[in-house]
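Student: Mind looking over this structure? Questions follow.
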Amino acid sequence: MANPKTLDEHREYLYQMVKLQFFFLINWLSGHPKETLSAVLRNRIDIYRKTSINKELLNPAAAKFDCPEWLELEHRLELVYKQYKDNEAAFEEEAFAVFKQTIDERVEKDYKDESRLAGYQCGSLRYNEHEDSLKHETTSFHIANALQPESIFADPQYLPRCFLELMRQTSQKYGSIKLYTGTWLNSLPRWLELFPQEWQDNLSAENTDVQWHYGFWGQFITARGTFNYKYGEIMRQTGKMPFYPKNSSCSFVNMKKHLKEKYGVSD
Ligand SMILES: CC(C)(COP(=O)(O)OP(=O)(O)OC[C@H]1O[C@@H](n2cnc3c(N)ncnc32)[C@H](O)[C@@H]1OP(=O)(O)O)[C@@H](O)C(=O)NCCC(=O)NCCS
């Protein structure tokens, strides 16, 4: 049994993730000179929601980028960037120093926040709900780890059961017959094993237009919810994420057949 992460480990996770994101930011700007620092900070990394300026939970309804506290941080970051543009390590260290206090102020709230699992109807899977009574042929789903500190991959039948439940609920509610998602996990071999050939055949090209959310950044979180140093190091060495999101889809019929044949699970 893995131990749940401690508050100290959570603080360290936040520090490491923010440092990696500053490493990403300076690299991204050097390859995309037309983009502004502010645009990268707001759209491609998720430092905002880790600061005390975010008074909401993990997924704030709207970021308050126009409030004076945030604008002040951005201004100080611009100054650090001007000074250390050509020195990645110094930039990362000084940029982190600018944000450290506001991150420290939120650590405990962030640690206790369990909203990452809000609305997950099928264990570690969540589907988009619809208000109308129309048929929705395709079910889009999202992935979180409801078993933390254990891995969602530890019990090979766990995710297959979550998928069966998701297909059961969405076929009943919306008449769905297809699964769809876009995620970094679609580049991870042990995730892809869960799906039939149709899913492998439908995989899109990698999406390298990095955005702030877990569809990209979730890969740097371990099963325990700590920082994944192994993947962080790959990014530092190569300047690239270990895994980029791809989209894919398949029919419920093929998915159910695959889950039965490979994992022995069925309705
Ligand atoms: C999805 C998720 C549960 C998958 O995590 P996981 O695969 O169970 O994670 P693990 O802790 O097993 O770590 C993965 C790998 O990193 C390695 N690793 C983890 N921590 C490490 C450390 N401190 N040092 C070295 N290696 C480490 C593991 O050994 C494993 O390596 P392997 O692939 O060679 O076996 C997890 O990434 C997560 O919760 N992410 C956030 C949610 C998310 O991304 N959702 C998708 C949104 S679209």
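Each reported figure results from applying straightforward, stated rules to the coordinates on display, with no laboratory input. The model shown is predicted, which means the values in this text are computed figures rather than measured ones. Ideal geometry is used to build each Cβ from the backbone, glycine not excepted, and the neighbour counts take in all protein chains shown.
Student: Short version: what are the Cα gyration tensor semi-axes of region 172-256, square root of 5 times each eigenvalue, largest first, in whole Å?
Tutor: Here the semi-axes work out to 27, 14, 12 Å.
Student: When only Cα pairs under 8 Å and 6 or more residues apart are kept, what is the percent relative contact order across the chain?
Tutor: 22 percent
Student: Residue 225: net charge of surrounding residues, Cβ under 10 Å, Lys/Arg +1, Asp/Glu -1, itself excluded? Don't skip to the answer; put the middle values down first.
Tutor: On the way: positive: 5, 116, 224; negative: 9.
Value of the local net charge: +2.
Student: Let me check I have the definition right: for the chain, take the eigenvalues of the Cα gyration tensor, multiply each by 5, take square roots. What are those semi-axes in whole Å, largest first?
Tutor: For the chain, the ellipsoid semi-axes come out as 36, 19, 19 Å.
Student: Just from its helices, what would the mean residue ellipticity at 222 nm be for the chain, if runs of 4 or more DSSP H residues each count -39500 (n - 2.57) and the sum is divided by every residue, rounded to the nearest 500 deg cm²/dmol?
Tutor: Numbers: 11 runs with 125 residues, N = 267.
It lands at -14500 deg cm²/dmol.
Student: Given the peptides 227-238, 58-69, 41-52, 87-98, arrange them by the average over their residues of other C-beta atoms within 10 Å, most packed first.
Tutor: 41-52, 87-98, 227-238, 58-69
Student: Here's a follow-up. Roughly how many whole Å is it from the C-alpha centroid of region 27-89 to that of region 162-224?
Tutor: The distance from the Cα centre of region 27-89 to that of region 162-224 comes to 29 Å.
Student: Which order do the peptides 108-118, 140-150, 71-81 take when ranked by the mean count of other beta-carbon atoms within 10 Å per residue, highest first?
Tutor: Details: 108-118: 13.6, 140-150: 18.1, 71-81: 15.5.
The densest-packed peptide leads the list: 140-150, 71-81, 108-118.
Student: With the cut-off at 25 Å, tell me which of the pairs 34/240; 230/257; 5/173 have Cα atoms farther apart than that.
Tutor: Where the Cα-Cα span goes over 25 Å, the pairs concerned are 230/257; 5/173.
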